[in-house]
Amino acid sequence: MVVNAMERIMIDLLYEYKTALQMTCTCEECLNDVLALVLNRVQPRYVTNPEKVAYVKAEFVDKQQMTTLIVNLAECAKMVSDMPRCENYVRGE
């Protein structure tokens, strides 16, 4: 099985910072939109075993690299917050 370690890392960061991101809507659809956007911005890192994601995550102990991931996440969260596509958001009111 091949796993994109960055997907697991970004999911963890999204849920860790969900409140701090102050999104307009945090429904599953909006969170998935944020995740899709951010995963298109970061370089994928593949592992052959989900348990090896920790090895990739360990590379992000460097504060600058982790900050870059969080900034990307925040930018994508803002994009989704500015124009949510979910049914929870009523447009034009």
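The values are calculated or read from the model by the stated rules, or taken from the named source; none is laboratory data. Owing to the predicted nature of the structure, the values given are computational and were not obtained by experimental measurement. For neighbour counting, all protein chains shown are included, and Cβ atoms are generated from backbone atoms with ideal geometry for every residue, glycine included. Just the protein is used for accessible areas: all its heavy atoms, side chains included, with ligands, DNA and RNA removed. Shrake-Rupley method; radii C 1.70, N 1.55, O 1.52, S 1.80 Å.
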Debye-sum result for the chain in log10 I(q)/I(0), which assumes one identical scatterer on each alpha carbon, at q = 0.14, 0.23 Å⁻¹: -0.52, -1.14
State, as an integer percentage, the relative contact order of the chain based on alpha-carbon contacts under 8 Å between residues 6 or more apart. 47
Quick calc, the chain, dipole around Cα centre from Cβ unit charges on Lys, Arg (+) and Asp, Glu (-), nearest 20 debye, gives 260
Can you pull out the GluC sites (Glu not before Pro) in the stretch 1-88 that DSSP calls coil and that have at most 11 other Cβ atoms within 10 Å? GLU87
So the angle from the long Cα axis of helix 5-17 to the longest Cα principal axis of the chain, reported in degrees to the nearest 10, equals 50
Counting only protein heavy atoms and using a 1.4 Å probe, what share of the accessible area of the chain belongs to carbon plus sulfur, as a whole percent? 51
Within the stretch 14-49, trypsin sites (Lys or Arg not before Pro) in DSSP loop having at most 16 other beta-carbon neighbours inside 10 Å: LYS18
In degrees from 0 to 90, rounded to the nearest 10, what is the angle of the helix 63-82 Cα long axis to the longest principal axis of the chain? 20
May I ask you to evaluate 6.51 cos²θ - 1.76 cosθ + 1.60, the Karplus curve with θ = phi - 60°, for each residue of the stretch 34-48 and list the ³J(HN,Hα) values in order in whole Hz, giving x for glycine and proline? 4, 4, 4, 4, 5, 5, 6, 8, 9, 6, x, 10, 9, 10, 9
